[in-house]
Amino acid sequence: MLIGVSLDLIVATIIVAAAFLIGHAVWIKTRPSEAHEATEVPAGIPERIQRHSLASRVFHWTMSASMLVLLVTAFVPVLGLQFAWVEIHWIAGVVLTATIIYHIIHSIGWQDFWSMFQIGFSEGVAHLKHIMSPKAPAPKAGKYPFDHRMFHHANVVVGLGVIATGVLMMVRIDTPLWAPNPYMLADSTWGVVYVIHGLCGVSLILLTASHIYFALRPEKMWITWSMIRGWVDRDHYLAHHDPAKWVVTNGAAPPSVTEGTPRAAETAEAEGASPEARSASE
């Protein structure tokens, strides 16, 4: 009968994560440095551009804290350090679930929900070419670069998997939410639930480790600071983003647009307009 993932898989995942982080650090160290060409500043671009609202930042850090608590309480006891982890784990799971529900509602009601789900094949190909050779220019993205969107998609799949199975597993334990019912599913079905939950959990080890690593890299710190302060400066905005895809006018930052979308076409037409006309159109 299936009972979950093995200790060997957990240890292997940690080793793979460490190998990736070390390997990437060595690769970056030996990779020729990249020079960003000076970009003409379009009219109406402020010195600070809002990237994340206060609500988005509170969501991010609340979700991050709950995720770290979940990973520690899930895997540290398996690795040998025993403590009363069950109650802490399910409470952190409830917090994570609540933040994700809030995020979905907030994204649909107050943000450009679909901008994060644009694939952007041409941008992806250009991004891959840049990884293979520093001579290939890095593609300038909208508000959400290609690698950020792919990371988000991976988190969506893994996160929804771990939440769905986690809620089912909570039915088996005693909580204030409901009376325990370990017989709701057959033993074989519970085994499948455990395995899916475990696989999603070890996947989150890789995703979380890489996310923290890239957030702390010196060349990425400007993005990390934006999740603390809420804004990016004009130089980084122009160096890494395409003003036609992430439109900013007179301090306003409308939702990101992506190449090939109707919104992108409207933006391209507006490029020839005066700053006053562009501001009025927003």
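Listed values, structure above:
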| quantity | calculated |
| --- | --- |
| Region 143-191-region 77-139 distance, computed between alpha-carbon centres (Å) | 15 |
| Rotationally averaged projected area of region 187-230 (alpha carbon convex hull; nm²) | 3.8 |
| Under 14 Å from the residue 175 label point (7 Å along Cα→beta-carbon), backbone N, region 74-96 | 86-96 |
| Isotropic mean projected area of the C-alpha convex hull, the chain (nm²) | 17.6 |
| Residues residue 54 and residue 86, FRET efficiency given R0 of 41 Å [Cβ-Cβ distance, rounded to 0.05] | 0.75 |
| 170, 67, 184 arranged by Cβ crowding within 10 Å, fewest neighbours leading | 184, 170, 67 |
| Full-stretch length increase - residue 6, residue 151 - with 0.36 nm per residue and alpha-carbon distance subtracted | 49.6 nm |
| Least to most buried among 226, 133, 210 (fewest other Cβ within 10 Å first) | 133, 210, 226 |
| Among 30, 155, 122 the positive-end extreme of the charge dipole of region 30-164 (Cβ point charges) | 30 |
| Simple spin-label estimate for residue 210 and residue 61 in nanometres, 7 Å along Cα-Cβ | 2.6 |
| Spatially close lysines, pair count over the chain: Cα under 22 Å, gap of eight or more or interchain | 13 |
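All of the numbers you see were taken from the coordinates with simple rules; none came from a lab. This is a predicted model, so every value here is computed, not measured. Don't worry about glycine lacking a Cβ; one is built from the backbone with ideal geometry, like all the others, and counts go over all protein chains shown.
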